[in-house]
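The structure appears right after this line, and notes come after that.
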Amino acid sequence: MTVTPQEDFATRLDAAVSDGTFARITLGKPRGEDPTLQKLIVRPVTLKSGPHLSFVWRHDTRDLTKNLPPAEAVREISRLIGTVFHSAHLATTRQSAQLEFNRKGEPRLHLGRAVEPPPDTAHDRAKPRLLAPDAQDWLQALGVTNAAGIVREGMTDKHRQIHKFTEILSHLVAEAPLAADRPVEITDMGCGKGYLTFATHDYFDRALQRSARICGVEARPELVTLCNRIAHDTGRTKLSFVGGTIQEAELPDPDVLIALHACDTATDDALARGVKAGATLLVVSPCCQKELRPQLHAAPVLAPALRHGIWQERHAEFVTDALRALLLEWAGYETKVFEFISTEHTARNLMIAATKRPGLARDEATAAKVRDLAAFYGIKTQALARHLSFDF
């Protein structure tokens, strides 16, 4: 019986996992429904419960990880090849194998050299960080770490959030057409204690080594004083903090506007200020979306579910952020909506990122989508729409 290239590849994968020669497998050329999916990387790890395969699903702005027992992992990989992914590269300590599908869906198998050295199966490998070691000075000053550089008790989630935000920002900045002939103007609206403002500064100034001026805006004067002192004491001359509200603070027009966890319509205030300034990149993480909840009149079929307060709250969040994303698209931005960080670490985990593209302009097709959504829920007014003079 003739063995197909795909069957041959599956046999080699199963044998490598079984005899311990498996190093990794990378699945590429995704053909699934998720446009943000880039590739899947699988490697062996050793957990307390024994050997597993670690799946890292790499998306545009986030990675998702899942560990499976070897037999289950092999079945899952075999299922994905030729369906979700049309390219598979298997690396073992004996030989490598590359399976590719052409446009007609026909598989081709190519064999190559073994990988050296043998794979590292340590589960808790140190993750690469985009923040330089000298970020330790402000992390310590803001109470995230102690003098030894160890994360303080109760600050683990904040520490993880800082690094995750920096990772996401690096992806967004790489895709944004920021001006290259002058310093990038960056504003962090409602910056609070400045954790992410300092992280943004260090990413641009010390990791990316790109000229930028970063300003944090905060209404509480004691936090403005604290952050300016730390910026001065740690030699961050391109980082400053000013007092004021999102709407009233006097600032240069930003190229990048950040507003994380700005409550209720403060997120709309920040987005509107960025849009009106022609900002290239907007990055917001909404919080406490209360404005639309009293207005929502959902279709009768949803009424039994929405009699529960928790569903009303989440429904209002969904509709609010869906409208924001559509309004930004109407205003000439490409938008992405995704999880910022796992709900295990914070319940406020949604992020909206919008990139201004040359040539994108307001169009009636997108305006119609906004009006259709508003009409479906009986919405008469919304903060970002008011700011942008959009008429429902």
Taking Cα pairs closer than 8 Å and at least 6 residues apart, the relative contact order of the chain in percent is 10 percent
By the Cα gyration tensor axes a ≥ b ≥ c (a/c under 1.5 gives rounded; else a/b larger than b/c gives prolate, otherwise oblate), the shape of region 252-370 is oblate
Using alpha-carbon positions, the gyration tensor of region 197-316 gives root eigenvalues a ≥ b ≥ c; with a/c under 1.5 called rounded, otherwise prolate if a/b exceeds b/c, else oblate, the class is prolate
Excluding ligands, DNA and RNA, the carbon-plus-sulfur percentage of the accessible area of the chain with a 1.4 Å probe reads 52 percent
Here the percent of antiparallel bridges among DSSP beta bridges lying wholly in the chain, to the nearest 5, is 70 percent
Phi angles of region 217-228, converted by Karplus (6.51 cos²θ - 1.76 cosθ + 1.60, θ = phi - 60°) into ³J(HN,Hα) in whole Hz with x for Gly and Pro, give 10, 8, 6, 8, x, 5, 6, 4, 4, 4, 5, 5
For T237, the net charge from surrounding residues (Cβ-Cβ under 11 Å; K, R +1; D, E -1) works out to +2
Calculated from DSSP helices alone, with each H run of at least 4 adding -39500 (n - 2.57) and the total divided by the residues of the chain, [θ]222 nm to the nearest 500 comes to -10000 deg cm²/dmol
By the Cα gyration tensor axes a ≥ b ≥ c (a/c under 1.5 gives rounded; else a/b larger than b/c gives prolate, otherwise oblate), the shape of region 304-392 is oblate
For the chain, longest principal axis from Cα atoms; helix 364-377 axis from its Cα atoms; angle between them, nearest 10 degrees, is 80 degrees
Charge tally for neighbours of F338 with beta carbon under 9 Å away, counting Lys, Arg as +1 and Asp, Glu as -1, is 0
Computed curve, region 233-275, Cα-only Debye sum without solvent term, log₁₀ I(q)/I(0) at 0.20 Å⁻¹, is -0.72
Expressed as a whole-number percentage, the relative contact order of region 269-392 with C-alpha contacts under 8 angstrom and at least six residues apart is 36 percent
In whole Hz, the Karplus estimates of ³J(HN,Hα) for region 167-178 (6.51, -1.76, 1.60; θ = phi - 60°; x where Gly or Pro) are 4, 4, 4, 4, 5, 5, 5, 4, 8, 8, x, 6
Using the Kirkwood radius over Cα pairs of region 18-74, the Stokes-Einstein translational diffusion coefficient at 37 °C and 0.692 mPa s, in µm²/s and rounded to a whole number, is 269 µm²/s
Quick shape summary for the chain, equivalent ellipsoid via Cα gyration tensor, semi-axes whole Å in descending order, reads 41, 29, 20
Expected vector for region 38-49, Karplus 3J(HN,Hα) from phi with 6.51, -1.76, 1.60 and θ = phi - 60°, integer Hz, x for Gly and Pro, equals 9, 6, 10, 10, 10, 9, x, 9, 10, 9, 4, 7
Taking Cα atoms, the helix 5-19 axis meets the longest principal axis of the chain at an angle in degrees (rounded to 10) of 90 degrees
One finds the C-alpha centres of region 40-54 and region 212-249 to be spaced, in Å, by 44 Å
Taking r as the C-beta separation of N146 and L109 and R0 as 51 Å, the FRET efficiency to the nearest 0.05 is 0.40
Per residue, accessible area of the chain with a 1.4 Å probe, heavy atoms of protein chains only, in Å², comes to 51 Å²
From the Cα centre of region 89-110 to that of region 136-164, the distance in Å is 44 Å
Checking region 1-108 for GluC sites (Glu not before Pro) in a loop per DSSP with at most 12 other beta-carbon atoms within 10 Å yields E33
Measuring from the longest principal axis of the C-alpha atoms of the chain, the long axis of helix 266-277 (C-alpha) lies at a number of degrees, nearest 10, equal to 90 degrees
Distance in Å, no decimals, from the C-alpha centre of region 188-204 to the one of region 281-320 is 29 Å
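The values are calculated or read from the model by the stated rules, or taken from the named source; none is laboratory data. Because the structure is predicted, anything quoted here is derived from the model rather than measured. Backbone-built Cβ (ideal geometry, glycine too); neighbour counts: all protein chains shown. All accessible areas refer to the heavy atoms of the entire protein, side chains included, with ligands and DNA or RNA removed. Shrake-Rupley method; radii C 1.70, N 1.55, O 1.52, S 1.80 Å.
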